[in-house]
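Colleague: Here it is: the structure, laid out below.
The values are calculated or read from the model by the stated rules, or taken from the named source; none is laboratory data. Remember, predicted model here, so these are calculated numbers, not experimental data. Reconstructed Cβ throughout: ideal geometry from the backbone, glycine too, with neighbour counts over all protein chains shown.
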Amino acid sequence: MSQTFLLEPDIIAAAENVLPELNTDLVLAKNYLKTQSAASGDSLYDHLVDMVHNLLTHKPPDAVDDFERLSWDVKREKFRPNFDLLNEVFLAPPQLVAVRRTEEMFLMIESKAVNLDDDLSEEEPDLDLEEELQKPRVADLLEHNQNFKEGGYGLPDSECFSLYIALKMLAAKEGVASVRFFGKIFGTKANYYVAETELTAEEMEKRIRDFDMKDMAGEGEGEYVGEEKPVEDEEKAEAEEVPEEVVGEEIAEKPSGPVPPKLPPIPVSTWQPPPPIPPERPGEGVNRKVYWVCHCPGEQWVSLPDVTPDQIRVARLTVHALTGDLDAEVILFPPFDGVEKNYLRAQLARLAAATAVSPQGFYTFGSGEEEEDVDVEDGGDLDLSPNPYYEGHPIKDLLDPSYWVHHERHILKQGRTIWWNQDAGMDEAIAEEEDEDAFPQQQPESGPPLMTSLSEDARVEQFPAWTARSSTRLVTERALVTLRSTRWPGAVAYATSGKKSECMYVGWALKFLPPNFSPMQLPKVQDEYPLGPEIMEMADPTAADEEAYRILHLPPEPAQEMVEEEILMEEEEEDEDEDEE
């Protein structure tokens, strides 16, 4: 068996004849870089991969100069113990829920728009006029908000667009005839977006029917009034009656002693509450509009209940910051009948009556009648509609508040827009029997009529009730006028020289009170019993009074004759004893 030995020149010649393989060299180099360190267990290959990933992620401006520092940071990060297991937990940001809700709202509105376009293309090229009139009217919030922003107010564009789509969703789901963005009410925990709507004729008839049924159901309630006593009262009276024989025995068995003073009978309250003021029917007065609220665009709109006169009366006497919870308890004095949604509805009624303003002639009555010719008690035609013949006012005139008017009715102190005569609601026979002081005759209340000029509003101390300013003094043909309320901070309105005008409120739904707010004081404590010795507290007796009382109540001294007889008997007994001894 022979062996072949190659000399060094032969080895060099053999190596020159072998071609280099790139893949083999890369594998060998990669295996070399993956060699793990005995100290840390890491490899140079993994370290370089982490460094490249860090460089491409952060992209520092001077990567070459900071290469050593980046290498040290990557190596130091690997030696840090990972005790915080929350780093691997994904927490969704709070805005993600609102974004998803808004996306669902957009998709729903888009699908309805596509279906409507398909129906029009297949059936009729043009929509019928009656169907067009039956569609809910949604105020163009995008255009109005842009005009408000020119005057220095308004909402962000993204929020405004989402809110506009939410108004369209409200018009598509509920039975409303028109939808308008009323404003945004701040709360301590959540805010309210408020939409003002007018219901359709069918929905309004349904609400009026429910209101009448509820009113009829409450007529039979109250205390019993009549000549005959109820059965429960008769049984109670029979149980309280005691036979005369038993009464005599009880009197005989009573121990003879000091009789306690007889207390006066328990007084019976003669105060009677005034008759409740009935609320205005749906579609009339303060309940003419229906308000819907939500916390975020995309949420379900919630309808607020109708407001009552007592709720408006208490809301005027108190100051309360809303929380954002419609079912939150409202603790006030005087007591408020309802929860936060009722209080919010009362504040919206006050805001609408005080801050719903427009230029003169912008609105007109539905039938063209003047207010003096309308019979208010018979539910006259007070529906307002945009005046088709309105031509606008110059900017210089709009800067004067006298060219602006209120287009919502004033709320009386009674809590209604139409005064209710409580004397007419009482029965004449009952009114004659009752004391005149218990139910005094009330004078009819009256307030400023509809379309009253803003110049007649009372000043707030030294400040005017409304302040107006122009959006620009350089480009007058593009200018508009914004009007701001001093009495209700956050209430603004705008008008252009053309046919555009709108009002909006963004605030805490709190009225500006020049002096410090002082809550209503509690009533004085009334006397339960008439003042007399039976209920008066007696003063503690002094030592001299006690000694005089003791001497006064000493037992009587024995008579003189009885004393002499006792002495004689004692002497005789002593003599007998001596004789015996």
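Colleague: For region 454-466, what are the residues that are loosely packed, with under 13 Cβ neighbours inside 10 Å and in contact with a strand residue (DSSP E or B) (Cβ under 8 Å, 6 or more places away or on another chain)?
Modeller: Let us first name the residues in region 454-466 that are loosely packed, with under 13 Cβ neighbours inside 10 Å, namely 456, 458-459, 461-463.
Once the filter is applied, which keeps residues that are loosely packed, with under 13 Cβ neighbours inside 10 Å and in contact with a strand residue (DSSP E or B) (Cβ under 8 Å, 6 or more places away or on another chain), region 454-466 yields nothing.
Colleague: Report yes if some residue within region 315-328 is farther than 22 Å from Leu513 by Cβ and either more than 12 Å from the chain's Cα centre (by Cα) or β-branched (Val, Ile, Thr) (or both); otherwise report no. Walk me through how you get there before you give the answer.
Modeller: In the first step, residues of region 315-328 are kept if they are farther than 22 Å from Leu513 by Cβ; the result is 324-328.
Pick out the ones that are also either more than 12 Å from the chain's Cα centre (by Cα) or β-branched (Val, Ile, Thr) (or both) and you get none.
Checking region 315-328: not a single residue is farther than 22 Å from Leu513 by Cβ and either more than 12 Å from the chain's Cα centre (by Cα) or β-branched (Val, Ile, Thr) (or both).
Colleague: State all residues of region 505-546 that are under 21 Å from Phe186 (Cα atoms) and not basic (Lys, Arg); if no residue qualifies, say none.
Modeller: Applying the first criterion (under 21 Å from Phe186 (Cα atoms)) to region 505-546 yields 505-513, 517.
Passing the criteria: Tyr505, Val506, Gly507, Trp508, Ala509, Leu510, Phe512, Leu513, Phe517.
Colleague: Restricting the search to region 293-349, which residues are touching a strand residue (DSSP E or B) at 6+ places or on another chain (Cβ under 6 Å) and hydroxyl-bearing (Ser, Thr, Tyr)?
Modeller: Result: Ser303, single match.
Colleague: A further question follows. Does Val286 count as assigned by TED's automatic domain parsing to the domain that holds Asp423, in contact with a strand residue (DSSP E or B) (Cβ under 7 Å, 6 or more places away or on another chain), surrounded by 18 or more Cβ atoms within 10 Å (Cβ to Cβ) and of a type in the set (A, V, I, L, M)?
Modeller: On the way: assigned by TED's automatic domain parsing to the domain that holds Asp423: yes; in contact with a strand residue (DSSP E or B) (Cβ under 7 Å, 6 or more places away or on another chain): no; surrounded by 18 or more Cβ atoms within 10 Å (Cβ to Cβ): yes; of a type in the set (A, V, I, L, M): yes.
No: the conditions fail for Val286.
Colleague: Return the only residue of Val492, Val475 being in contact with a strand residue (DSSP E or B) (Cβ under 9 Å, 6 or more places away or on another chain) and under 26 Å from Ser402 (Cβ atoms).
Modeller: Values: Val475 fails: in contact with a strand residue (DSSP E or B) (Cβ under 9 Å, 6 or more places away or on another chain).
Of the residues listed, the single one that is in contact with a strand residue (DSSP E or B) (Cβ under 9 Å, 6 or more places away or on another chain) and under 26 Å from Ser402 (Cβ atoms) is Val492.
Colleague: Here is a further query. Would region 537-557 turn up any residue that is modelled with pLDDT under 75 and not assigned by TED's automatic domain parsing to the domain that holds Pro334? Before the answer, list the steps.
Modeller: Here is the first cut: in region 537-557, the residues modelled with pLDDT under 75 are 557.
Narrowing further to those that are not assigned by TED's automatic domain parsing to the domain that holds Pro334: 557.
Yes, region 537-557 has at least one match.
Colleague: Looking at region 172-193, can you tell me whether even one residue there is assigned by TED's automatic domain parsing to the domain that holds Tyr343, more than 25 Å from Arg350 (Cα to Cα) and not in a loop (DSSP other than H, G, I, E, B)?
Modeller: yes
Colleague: If a residue has to be in contact (Cβ under 8 Å) with a residue 24 or more places away in the chain and in a loop (DSSP other than H, G, I, E, B) to count, how many in region 261-287 make the cut?
Modeller: Total satisfying the criteria: 17.
Colleague: Of all residues in region 36-79, which are of a type in the set (Ser, Thr, Tyr) and touching a strand residue (DSSP E or B) at 6+ places or on another chain (Cβ under 6 Å)?
Modeller: Within region 36-79, Ser43 is the sole residue that qualifies.
Colleague: Now for a different question. Scanning region 293-312 for residues that are under 28 Å from Gly447 (Cα atoms) and under 16 Å from the mean Cα position of the chain (by Cα), which turns out surrounded by the most Cβ atoms within 10 Å (Cβ to Cβ)? Walk me through it before giving the result.
Modeller: Initial filter on region 293-312 (under 28 Å from Gly447 (Cα atoms)): 304-312.
Pick out the ones that are also under 16 Å from the mean Cα position of the chain (by Cα) and you get 304-308, 311-312.
Values: Leu304: 19, Pro305: 14, Asp306: 21, Val307: 27, Thr308: 23, Gln311: 24, Ile312: 24.
Within region 293-312, the match that is surrounded by the most Cβ atoms within 10 Å (Cβ to Cβ) is Val307.
Colleague: Scanning for something surrounded by fewer than 16 Cβ atoms within 10 Å (Cβ to Cβ) and touching a Ser or Thr at 6+ places or on another chain (Cβ under 8 Å), does region 478-496 turn up at least one residue?
Modeller: Going residue by residue through region 478-496, those that are surrounded by fewer than 16 Cβ atoms within 10 Å (Cβ to Cβ) are 478, 489.
In the following step, the residues that additionally are touching a Ser or Thr at 6+ places or on another chain (Cβ under 8 Å) were identified as 478.
Yes; the residues of region 478-496 include at least one that is surrounded by fewer than 16 Cβ atoms within 10 Å (Cβ to Cβ) and touching a Ser or Thr at 6+ places or on another chain (Cβ under 8 Å).
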